[in-house]
Amino acid sequence: MTEAGADMTDTGNSAAEPAAGEGPAADPGAERRKWARLLRVSLPVLVLDQIAKAWILSAVPLHSGISVIPGFFNIMHVRNTGGAFSMFAQAPTAVRLLLFVGMTLAAVGVLLYMYWTTPAREKWFLSALALVLGGAAGNLADRLRFGNVVDFLDFYIGSLHWPAFNVADSAVTVGVCVLAVCMLRTGRTG
């Protein structure tokens, strides 16, 4: 049995009082597994994102697309020179690159710090951080290679289009949603 979100087996002790042999020192491999989780989650996101973008770059001409579900979903090759929802897309190239690469590196630093300070038992929270890190790495790779981000998933109804996005954006969105749920459930603020 577990108590209110604690990851302890029923030893008759409360979550605040681990039994002898429990806690961080009891499992020296926990930290190693925690960092392995980061790689198991973030690397596949990065690799899948880059493979999908490589296919788009080779198979779909810029500003064209493939109708997958008419009236709802296309695969489109577009370039996002801005941030989320094309913010700052009109700024000079050097300013955009400096701004977005700098912001991404700062965010990655904060996320890695959060990962480092999060206990290994908080698997959902750690996995969510790893999703966000993998997505950030995918879009950062594009910015460094092309000066923009390759987007290709185009959902729409009639003439109303959601801004095109990619695998990395999806990983960031799912990761942030899972982080929010974890924080709401545990009262965690960061």
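The values are calculated or read from the model by the stated rules, or taken from the named source; none is laboratory data. Since this is a predicted model, take the numbers as computed values, not measurements. Here the Cβ is made from the backbone with ideal geometry for all residues, glycine too, and neighbour counts use every protein chain on show.
Couple of notes before you dig in:
- In the condition set (1) touching a residue at least 40 places away in the same chain (Cβ under 8 Å); (2) more than 19 Å from Cys177 (Cα to Cα); (3) under 20 Å from the mean Cα position of the chain (by Cα); (4) surrounded by fewer than 17 Cβ atoms within 10 Å (Cβ to Cβ), Phe100 is compliant with all but (4).
- Filtered residues of the stretch 149-164 (kept if assigned to a strand (DSSP E or B), out of contact with any Lys or Arg (no Cβ under 9 Å at 6 or more places or on another chain) and surrounded by 21 or more Cβ atoms within 10 Å (Cβ to Cβ)): Asp154
Each row is one residue, and each column tells you yes or no for (1) touching a residue at least 60 places away in the same chain (Cβ under 8 Å); (2) touching a Phe, Trp or Tyr at 6+ places or on another chain (Cβ under 8 Å).
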site: Tyr113; (1), (2): no, no
site: Glu122; (1), (2): yes, no
site: Leu140; (1), (2): no, no
site: Arg143; (1), (2): no, yes
site: Asp151; (1), (2): yes, yes
site: Ala180; (1), (2): no, no
site: Gly187; (1), (2): no, no
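- Qualifying residue in the stretch 77-93 (condition: surrounded by 15 or more Cβ atoms within 10 Å (Cβ to Cβ), basic (Lys, Arg) and part of a helix (DSSP H, G or I)): no
- Residue match in the stretch 52-68 (condition: in contact with a helix residue (DSSP H, G or I) (Cβ under 8 Å, 6 or more places away or on another chain) and surrounded by 15 or more Cβ atoms within 10 Å (Cβ to Cβ)): yes
- Matching residues in the stretch 1-46 - criterion: being at pLDDT 50 or above, among the hydrophobic types (A, V, I, L, M, F, W, C) and in contact with a helix residue (DSSP H, G or I) (Cβ under 9 Å, 6 or more places away or on another chain): Ala30, Trp35, Leu38, Leu39, Val41, Leu43, Val45, Leu46
- Considering the stretch 165-190, the residues that are loosely packed, with under 15 Cβ neighbours inside 10 Å and not β-branched (Val, Ile, Thr) include one that is modelled with the lowest pLDDT, namely Gly190.
- Just one of the listed residues (Ala137, Ala94) is farther than 22 Å from Val60 by Cα and under 13 Å from the mean Cα position of the chain (by Cα), and it is Ala137.
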